[in-house]
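See below for the structure under consideration.
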Amino acid sequence: MSDGTWSEAGLANRFTDEAYASVKGYVRTHVMHQQLLQHLPQPPAAVLDVGGGAGHQCFPLAEAGFDVTLLDSSPAMLDKARQRLARLPADVQRRVTLVQADGENADEAVRGRRFAAVLCHGVLGYQERPEPLLDQLCRCAAEGGIVSIMSGNAKTMAVRPALEQRWEDALAAFDTRTETVPGLGVRGRADTVEELGELLRERGVEPLRWYGAWLFVDWLEFSGVELDPSDTERAATIAAVELEASQRDPYRQLSRAFHLVARKPSS
């Protein structure tokens, strides 16, 4: 995705204020956070979040004691990140660095620093080609560090239009990799675990494990069911169900997105 796309304040507002204020947004953050904790080293290890937006995924890591660098190309997104960061305790704020740069220039933007973990969640699908961004992610990871990528699942592209009863679109979606991202109105591209894993291996980074992301909450939303984000007890139970499903077959295979964790070998 170009810098200009995310720099539009209206789009940034919809993404941060609406998408993450929903039950789906809460579920995504919680489930991905729990999955990351299974692979991250102990804090205060350094984490780079490429395309980190307003910090919804990496600020909880800073709260847990990690040294976080959030890199994003969008001034509007970084403004949102600053607003959210200002509401966090001073010690958490000191553990966060904000950097404005395109992900394809991440290594230069962080001045060659290497990180114990490099995150890139929900970004790869907005690139015409994944290879240039993957090069940067793998380069920025330290020896023994992890690379964490979340991307759309190309194997479930027909589910959303089918649940929305757009049957002709569903039929065509079996053989497509792109769609208009719900709620944002921009085009996104999906990947497969196998293809992405092979691209990482070509860059000397070995896949460790993959998880599902966004299963029941996504399909409920697309079928017209509204979930109340103010019902926090129910939202927590939904998140627990999603976390369990994300780790089991066949459920993880049916998720609208997947989370792939890989490790850069130590010399």
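The values are calculated or read from the model by the stated rules, or taken from the named source; none is laboratory data. Computed from a predicted structure; not experimentally measured. Note that we place each Cβ from the backbone using ideal geometry, even for glycine, and neighbour counts take in every protein chain shown. When the accessible area is computed, the model is the full protein with side chains, heavy atoms only, and any ligands, DNA or RNA have been set aside. Shrake-Rupley method; radii C 1.70, N 1.55, O 1.52, S 1.80 Å.
Okay, here's what the table says:
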quantity: Shape category assigned to segment 20-139 from the gyration tensor of Cα positions, a/c cut at 1.5; calculated: rounded
quantity: Helical contribution to [θ] at 222 nm, DSSP H n ≥ 4, -39,500 (n - 2.57), averaged over the chain, rounded to 500; calculated: -10500 deg cm²/dmol
quantity: Burial ranking of peptide ranges 203-213, 158-168, 137-147 (average Cβ count within 10 Å, highest at the top); calculated: 137-147, 203-213, 158-168
quantity: Inter-label distance for Asp175 and Glu143, nm, one decimal - labels placed 7 Å from Cα along Cα-to-Cβ; calculated: 4.9 nm
quantity: Per residue value of the accessible surface for the chain (all protein chains in place, 1.4 Å probe), Å²; calculated: 46 Å²
